Every structure is written in structure tokens, then in C-alpha cells.
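Asker: Pasting a structure below so you can have a look.
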Amino acid sequence: MAGLRGRFVCGLLLVLASGLIGPAIGSEGAFPFGRELMLEAAPMRGSKRIPIIEVAENGATSIQLWCATLSAQANVSADSITIVAGAAQPAQCAPERISRDENLLAALMQVTNWRRNGDLIEFLGAKTLRFRLMTN
């Protein structure tokens, strides 16, 4: 009788553990809606700012570039993504920063797919853009 009870308890613990671990494993490959994604790049000389993008579940997207900030709309599915940017809020910056903003925004507009590997999110298009989940 004690052996049967021990097996039952072990089986119950296994079921409970798989119920807790399963969602964590499943979310590993899910798009991180509502989380800030920081571009994997060094800050530009004279600044600590690094571009950040955040996509809400309804597709509303906030993009902070090297200089400008703008709203956009993203359409995310299993492994595809499209981003349509709105107008950038005007900002006074050096020509180098404005040029980097334009290049990054153009690359974001050409993104067609995404993939996730842990905290690394890659946007794939004409150019691959690598972002890291903000963990603070």
C-alpha cells in the first residue's frame, strides 16, 4: 500500500511540475509583447541613448530611435512581422544622429520576419536587426 501511495505522490508531483514548466517553455518562443526591446548596439559618441522598441498586443508600437521618437503599428504573427511607422516627433540632433535614425527606420520598415532565442529577438528583412529584452 505504501508503494502505491509513493507512486501516486510522485506522479502527482510530475504532473504539477510539468504544468508549471510547460507555460514557461511555451513562452520562450513567443513574441514579447509589452516588453522593451533594446537594439544590440553601442551608444553613439556623446550619448547614452540606444534605440528601443516596444510592441503592445494590439500592435501599437513605440519606437525610440537615436534621436527621434515615434509611434508605429506592428502586425505580428507566428514568425512574421510588419511595421508601419507614423510621423516622428521633431527633435534637434546632429546630422549624424538624424542619418542613423533614417537608416534604422528604413530597416524597420523592411522587416518581414522575426525569431526569438531567449532574450534575443531578431527582426529579419533587408538587414537583420538584433534586439535584447530589457531585464531591469
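None of the figures in this text is laboratory data; all of them are computed from the coordinates on show. As the structure is a prediction and not an experimental result, all values here were calculated from the model. A quick note on method: Cβ atoms are made from the backbone with ideal geometry, for glycine too, and the neighbour counts reach across all protein chains shown.
Asker: From the square roots a ≥ b ≥ c of the eigenvalues of the alpha-carbon gyration tensor of the range 32-133, which class results: rounded (a/c under 1.5), prolate (a/b over b/c), or oblate? Working shown, then result.
Answerer: Numbers: a/c = 1.75, a/b = 1.46, b/c = 1.20.
Prolate, because a/c is 1.5 or more and a/b exceeds b/c.
Asker: Here's a follow-up. All other residues with a Cβ under 10 Å from the Cβ of Gly34 taken together, and with Lys, Arg as +1 and Asp, Glu as -1, what is their net charge? If you can, show how the numbers build up before the last one.
Answerer: Details: positive: Arg35; negative: Glu36, Glu54, Glu57.
Once all neighbours under 10 Å are counted, the net charge is -2.
Asker: Rounded to the nearest 0.05, what FRET efficiency do Asp119 and Val84 give with R0 = 35 Å and r taken as the Cβ-Cβ distance? Could you check? Each step should come with its number before you reach the end.
Answerer: Values: r = 26 Å, r/R0 = 0.75.
Approximately 0.85, to the nearest 0.05.
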